[in-house]
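In what follows, a single structure is set out as structure tokens and then discussed.
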Amino acid sequence: MNNPFSKTFSTSDLETFKFLGSTKLFARLKNKEMGRFLPALHSRKYEVDEVVFFSKDPSQALYIVKKGLIELTIDVKDNFETILEVGPGEAFGENSLLQNAKRTYTALVKSEDTELMVIPQYALQEVFDSSPKIKAKMMTSLAEYYNENNQRLFKSYRSSFGFFRLREMFE
């Protein structure tokens, strides 16, 4: 039997949950939990070559690509090196889940008619402060994401014959 006092969601909300749930960071959340982000979630369109954010900027929002392509780059001696391209259904700006974090890469729009879903960092923190369960689920997903990145980094390091000293990561 359904609880008559439980929140019901619109078709649009359910489509948003399906989309969010397909991303790694939201995959563990139930619709009711994702619903906590709806008031702060907004869509924004970007032009090709527009910068979403720069490396070293404060991490003020989480972005999920609804349509288009984003290039994540790092500055290497006055050049930009692409580290990853992010497409529909993928999130970036993931360190906005952490307090007082700075961006580690620059995010640049690479396609026409790019649309991103944006969740401001303050809204993430408000949900985390009021729901330790949601925070735990999303932080677990974030830890898995960072673990996968570490695995790729070490694999790349081994295949590049130790081009740099890994010890420098910890200095």
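Just so it is clear, none of the values below were taken in a lab; they were calculated from the coordinates. All values reported here derive from a predicted model rather than from experimental measurement. Cβ sites come from the backbone with ideal geometry, for glycine too, and all protein chains shown count toward neighbours.
Amide H of ALA27: which non-local residues (sequence gap of 5 or more, or other chain) have their own amide H closer than 5 Å, using H built in the peptide plane?
Counting only residues 5 or more places away or on other chains, the set is empty.
Just grab the label-to-label distance for PHE80 and GLN99, each label 7 Å out from Cα along the Cβ direction, in nm (one decimal).
The two pseudo-label positions are separated by 3.3 nm.
In deg cm²/dmol, rounded to 500, what helix-only [θ] at 222 nm does the chain give when every DSSP H run of at least 4 residues adds -39500 (n - 2.57) and the total is split over its residues?
For the chain, the value works out to -10000 deg cm²/dmol.
List THR8, THR140, THR23 from most exposed to least, where exposure is judged by having the fewest other Cβ atoms within 10 Å.
THR8, THR140, THR23
Jot down the radius of gyration and Dmax of region 11-160, Cα atoms only, both in angstrom.
Answer for region 11-160, Rg first and Dmax second: 15.5, 49 Å.
Sorted from fewest to most neighbouring beta carbons within 10 Å, what does the list LEU98, LEU62 look like?
LEU98, LEU62
Rounding to the nearest 10 and keeping the result within 0 to 90°, find how far the Cα-based axis of helix 121-130 lies from the longest principal axis of the chain.
Roughly 50 degrees between the two axes.
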